[in-house]
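Chemist: After the structure tokens below, expect a handful of questions from me.
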Protein chains: 2
Amino acid sequence: MNVAIIGLGLIGGSMARSLKAHQLAESIIGVDQSETHRQRALELGLVDAVDTLENVIREVEVIVLATPVDGIGRLLPDVLDRVDRQVIFDVGSTKSEIVKACANHPKRGRFVACHPMAGTEFSGPDAAVLNLFEGKYCVICDAEKSDRDALECVEKIFTGIGMHLLHQDAEVHDMHAAYVSHVSHVSSIALALTVLNKEKSEEEIFRLASGGFRSTVRLAKSNPKTWVPIFRQNRAPLLDVLDEHITVLSSFRTALIKGDFGAIDQMMTKANKIKSILK
Amino acid sequence: MNVAIIGLGLIGGSMARSLKAHQLAESIIGVDQSETHRQRALELGLVDAVDTLENVIREVEVIVLATPVDGIGRLLPDVLDRVDRQVIFDVGSTKSEIVKACANHPKRGRFVACHPMAGTEFSGPDAAVLNLFEGKYCVICDAEKSDRDALECVEKIFTGIGMHLLHQDAEVHDMHAAYVSHVSHVSSIALALTVLNKEKSEEEIFRLASGGFRSTVRLAKSNPKTWVPIFRQNRAPLLDVLDEHITVLSSFRTALIKGDFGAIDQMMTKANKIKSILK
């Protein structure tokens, strides 16, 4: 099977490594707007060749859309226009806008909307790692809109690289993603800005990072090119959970002002419940 | 040298392991209010014996106060009343209230106020790990109030277990600790509560945790018995930085409502600066 990967960053590059390691692709052709990324993907052996999107569509059986989510929505109708029996799937962190972008396309069935739930704070081809997806969950959205053979092909790929499969409605997926993953990114970004605004000594930040700041702020290192489009596409459910987050922080602040440490103890004891969910 | 460790949790227990591994203590006697902790500390070999606070003071040269910070402030005057030439140091995350608690004590010089900046989200004797302190920073506060021999003894212990030493005024220390470490804990606790409030499916939380939630929420697993007293003792600087944190989150929210993704990109790009500080 020949595969084209459009977008040779953390996710696209890691997908390339996984497909090769699990012998799921004979050859992988990479597409990326950035000359540097194309060159680096070749040097790292992520792909066997690089080419333009127009050219690769005719040369492969499977096309993976691994650009930022705004790019996926933009590219998808064009790619569908050009395909015949090829299978297309994406790996974006939002799903509603992407399935809307191709909802009425006559070739809709060739596309499978996917979100392999895995990542790191790093980006670009150098961030690609082999076992990024192993043991993690891949959500497939609105599977009934995909052709049976396309769906089976994609499910085989994701189980082949070691992922567990889940099926969800695109809007339900986006709500869950906002409620857990996307709000964590906003919280971490806001923490980084808070500490950079208040703590003028970079040396103090470095020294104090062993007190837990390092892990809490990890996601603030994430690439804005990836994340701003996610926030844009998932605006409504993100606003909903962000309001809750600000409300919780304000309650903590009120308890601190009042000196109501019983309330703070209760909040912390409740937060500790996360221990039983995430061992 | 015989050492007494008062409080056999994560920090006291790890200190016991470090002192033994670096041959800095001939014998370690443990003191803890909890019978379970005393028993477990013996079973784990953290301490050679357990005893009451009253008894151990006469049997050791060095006394380590490793209870929650409210306990340190309460015990310190009593311990100072009973010592002669022994050295006492603490390992609490706040310093101003603790140095105030002994400011006018005739034996003030025997006490050295310390904060070895290291920790995990776990607690109790079972959380004790050998290399917790290695390569991390230990802040010694108001060192000029300590007797020269006491200070030298404590500095030798901390450098002996592999820590870098810093000297700071207690209030300056507390401000920095609030600005970086303590606000990270509040942010993480609030994120846990937010997600628990909004996401009713524990299974979804578990599945989505690979999207960064796991690390961002890690500190929410911390023990309220340790942390509520820290928040209480460091209330003013914590409120200061918490206000900033809520302001930053509110700006993000406003930009999201307005659809001003240029502003969100700018915030994220600025937050990315943390990459150059924490590699």
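The values are calculated or read from the model by the stated rules, or taken from the named source; none is laboratory data. What you see is a predicted model, and the numbers here were worked out from it, not measured in a lab. Methodologically, a virtual Cβ is constructed for each residue, glycine included, from the backbone with ideal geometry; neighbour enumeration extends over all protein chains shown. Side chains included, ligands, DNA and RNA excluded: accessible areas come from the protein's heavy atoms. Shrake-Rupley method; radii C 1.70, N 1.55, O 1.52, S 1.80 Å.
Chemist: Which of the listed residues, B:6, B:19, B:183, is farthest toward the dipole's positive end in chain B, when Lys, Arg count +1 and Asp, Glu count -1 at the beta-carbon?
Modeler: B:183
Chemist: Let me ask you something else. Mind putting a number on the dipole of the protein assembly as shown about its Cα centre? Charges go on the C-beta only, +1 for Lys and Arg and -1 for Asp and Glu, and I need it in Debye to the nearest 20. Each step should come with its number before you reach the end.
Modeler: Details: 64 positive and 72 negative charges, 81 e Å.
Dipole magnitude for the protein assembly as shown comes out near 380 debye.
Chemist: In whole percent, how big is the carbon plus sulfur part of the accessible area of the range A:147-278, probe 1.4 Å, protein atoms only? Provide the component values of the computation, followed by the final result.
Modeler: On the way: 2440 of 4830 Å².
Carbon and sulfur: 51 percent of the exposed surface of the range A:147-278.
Chemist: What FRET efficiency comes out for the pair residue B:100/residue A:266, r = Cβ-Cβ distance, R0 = 22 Å, nearest 0.05? Numbers along the way, then the final one.
Modeler: Values: r = 28 Å, r/R0 = 1.27.
The pair residue B:100/residue A:266 has a calculated efficiency of 0.20.
Chemist: Among DSSP beta bridges lying fully in chain A, give the percent that are antiparallel, nearest 5. Walk me through the numbers before you get to the answer.
Modeler: Numbers: 4 of 26 bridges.
Percentage antiparallel, nearest 5: 15.
Chemist: Per residue of A:163-169, how many C-beta atoms from partner chains lie within 10 Å of its own C-beta, taken as a mean?
Modeler: Details: counts 0, 1, 0, 3, 0, 1, 0.
Rounded to a whole number, the mean comes out at 1.
Chemist: When the accessible area of the range A:1-123 is split by element with a 1.4 Å probe, what percent falls to carbon and sulfur? Before the final figure, lay out the partial values.
Modeler: Values: 2240 of 4830 Å².
Summing carbon and sulfur atoms, their accessible area is 46 percent of the total for the range A:1-123.
Chemist: Oh, and also: Calculate how many DSSP beta bridges within the protein assembly as shown are antiparallel, expressed in % of all such bridges and rounded to the nearest 5. Don't skip to the end; give the middle numbers.
Modeler: Numbers: 8 of 52 bridges.
Roughly 15 percent of the beta bridges in the protein assembly as shown run antiparallel, per DSSP.
Chemist: Let me ask another. Mind scanning A:270/B:258; B:221/B:258; B:136/B:225 and naming the pairs with a C-alpha gap bigger than 30 Å? Working shown, then result.
Modeler: Working: A:270/B:258 33 Å; B:221/B:258 35 Å; B:136/B:225 24 Å.
Cα-Cα > 30 Å for A:270/B:258; B:221/B:258; rest within.
Chemist: Tell me the angle of helix A:235-258 to the major Cα principal axis of chain A, expressed in degrees between 0 and 90 and rounded to the nearest ten.
Modeler: That helix lies at roughly 20 degrees to the long axis.
Chemist: Further question on the same structure: Between the range B:229-279 and the range B:65-122, what is the separation of their alpha carbon centroids in Å?
Modeler: Here the two parts' Cα centres lie 33 Å apart.
Chemist: If you fit an axis through the alpha-carbon atoms of helix B:224-233 and take the longest principal axis of the Cα set of chain B, what angle between them do you get, 0 to 90°, nearest 10?
Modeler: 90
Chemist: Between A and B, buried accessible area summed over both sides at probe 1.4 Å, in Å² to the nearest 100? Intermediate values should be presented prior to the final figure.
Modeler: Values: alone 15250 and 15290 Å², together 21560 Å².
Summed over both sides, the interface buries about 9000 Å².
Chemist: With +1 on the Cβ of every Lys and Arg and -1 on the Cβ of every Asp and Glu, and nothing else charged, how large is the dipole of the range A:139-279 about its Cα centre, in debye rounded to the nearest 20?
Modeler: Numbers: 18 positive and 18 negative charges, 145 e Å.
The dipole of the range A:139-279 has a size of about 700 debye.
Chemist: Can you tell me the order of A:206-217, A:50-61 when each peptide is scored by its average per-residue count of other Cβ atoms within 10 angstrom, highest first?
Modeler: Working: A:206-217: 22.8, A:50-61: 15.7.
So the order, starting with the most tightly packed, is A:206-217, A:50-61.
Chemist: Mind checking which aspartates and glutamates have their Cα closer than 14 Å to the Cα of residue A:145? Skip sequence neighbours fewer than 8 apart in that chain.
Modeler: A:169
Chemist: Using label points projected 7 Å from each Cα along Cα→Cβ, tell me how many nm separate residue B:35 and residue A:239, to one decimal.
Modeler: Calculated label separation equals 5.8 nm.
Chemist: Average partner chain C-beta neighbours within 10 Å, per residue of A:218-226?
Modeler: On the way: counts 6, 6, 10, 8, 5, 3, 10, 2, 1.
Across A:218-226, the average partner-chain Cβ count within 10 Å equals 6.
Chemist: Would you mind computing, in nm to one decimal, how far apart the modelled labels at residue A:2 and residue B:61 are, each placed 7 Å from Cα along Cα→Cβ?
Modeler: Label at residue A:2, label at residue B:61, 7.7 nm between them.
Chemist: Placing +1 at every Lys and Arg Cβ and -1 at every Asp and Glu Cβ, with all other atoms neutral, what dipole size does the range B:58-197 have around its Cα centre, in debye to the nearest 20? Walk me through the intermediate numbers first.
Modeler: Details: 13 positive and 20 negative charges, 29 e Å.
That gives the range B:58-197 a dipole magnitude of about 140 debye.
Chemist: Ordered by packing density, taken as the mean number of other Cβ atoms within 10 Å over each peptide's residues, highest first, how do B:130-139, A:4-13 rank?
Modeler: On the way: B:130-139: 18.8, A:4-13: 27.5.
Top to bottom by mean Cβ count within 10 Å: A:4-13, B:130-139.
Chemist: Nearest 10 degrees, 0 to 90: what angle lies between the long axis of helix A:148-160 and the longest principal axis of chain A (Cα atoms)?
Modeler: The two axes meet at around 60 degrees.
Chemist: Enumerate the aspartates and glutamates that residue A:273 could reach by cross-link, defined here as Cα to Cα under 14 Å, with residues fewer than 8 away along the same chain left out.
Modeler: Reachable aspartates and glutamates: A:265, B:121, B:199, B:202, B:203.
Chemist: Per residue of A:260-271, how many C-beta atoms from partner chains lie within 10 Å of its own C-beta, taken as a mean? Working shown, then result.
Modeler: On the way: counts 0, 7, 1, 0, 7, 6, 2, 8, 14, 3, 7, 16.
Partner-chain Cβ atoms within 10 Å, mean over residues of A:260-271: 6.
Chemist: So what is the accessible area of the protein assembly as shown per residue, in Å², with the probe set to 1.4 Å? Kindly include the intermediate steps, with their values, before the conclusion.
Modeler: Numbers: 21560 Å² over 558 residues.
Solvent-accessible surface per residue comes out at 39 Å².
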